[in-house]
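Trainee: My structure is below; once you've seen it, I'll send some questions.
The values are calculated or read from the model by the stated rules, or taken from the named source; none is laboratory data. Everything numeric in this text was worked out from a predicted model, so none of it was measured. Because the Cβ atoms are built from the backbone with ideal geometry, glycine has one as well, and the counts that use them run over all protein chains shown.
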Amino acid sequence: MATGCSSNNVQQFDDSLSTNSFQYDKGFPFFREPLEIGKFSLDESRQFKNNSSQLKYYYPPKDSSKCKFDLRSGYGIMIHKDEDVKEYIDTLLQWIMESKDRFLIKKSNPHSQLKEGNSQEQDCYFNSEFEH
């Protein structure tokens with residue numbers, strides 16, 4: 001063989017996706033309107049805070065035709081982000097881990113027999129758009 005690979009080294013994958021488009025020709029899934037479920041902040045040192053302490057609001061001027069924005073204003077006192085430090089999505093994942101309860105809903109387990117006075121905990125399930 002001129003390919004440089006022997007047939008013994010080629011792997012076969014049974015779990016591959018089909019290229020038959022008719023298998024994927026279905027209705028578009030239902031998505032709810034986005035909903036804010038929490039906030040987090042990064043302080044001046046880029047340290048994670050599980051609160052809205054750094055939240056800022058923009059209030060547009062009443063008459064924007066008379067407003068002159070100076071984009072250099074405050075540039076000298078700006079806190080520069082260290083571009084050599086790669087943050088990735090670590091702060092987002094930290095907020096998710098500290099706020100797991102915001103992603104869960106509590107439902108009774110239909111298979112459990114809860115009697116009055118029984119302190120058995122309810123099962124928790126992830127809230128899913130595709131729950132049946």
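Trainee: Residues that are part of a loop (DSSP other than H, G, I, E, B), surrounded by 10 or more Cβ atoms within 10 Å (Cβ to Cβ), charged (D, E, K, R) and at pLDDT 90 or above: does the range 43-64 have at least one?
Mentor: Within the range 43-64, one or more residues are part of a loop (DSSP other than H, G, I, E, B), surrounded by 10 or more Cβ atoms within 10 Å (Cβ to Cβ), charged (D, E, K, R) and at pLDDT 90 or above.
Trainee: What are the pairs, 6+ residues apart or on separate chains, where a residue within the range 88-104 that is within 13 Å of Asn51 (Cβ to Cβ) has its Cβ under 6 Å from a residue that is surrounded by 11 or more Cβ atoms within 10 Å (Cβ to Cβ) and polar (S, T, N, Q)?
Mentor: Glu98/Asn50
Trainee: What single numbered condition from (1) surrounded by 10 or more Cβ atoms within 10 Å (Cβ to Cβ); (2) modelled with pLDDT of 90 or more fails to hold for Gln120?
Mentor: If we test Gln120 against (1) surrounded by 10 or more Cβ atoms within 10 Å (Cβ to Cβ); (2) modelled with pLDDT of 90 or more, just (2) comes out false.
Trainee: Among the residues of the range 95-110 satisfying the criterion of being surrounded by 13 or more Cβ atoms within 10 Å (Cβ to Cβ) and not in a helix (DSSP H, G or I), which is modelled with the lowest pLDDT?
Mentor: Asn109
Trainee: While we're here: So the check is Cβ under 7 Å with 6+ separation or different chains; which pairs have a first residue in the range 21-33 that's hydrophobic (A, V, I, L, M, F, W, C) and a second one that's part of a loop (DSSP other than H, G, I, E, B) and loosely packed, with under 10 Cβ neighbours inside 10 Å?
Mentor: Every condition considered, the pairs that remain are Phe30/Glu129; Phe31/Glu129.
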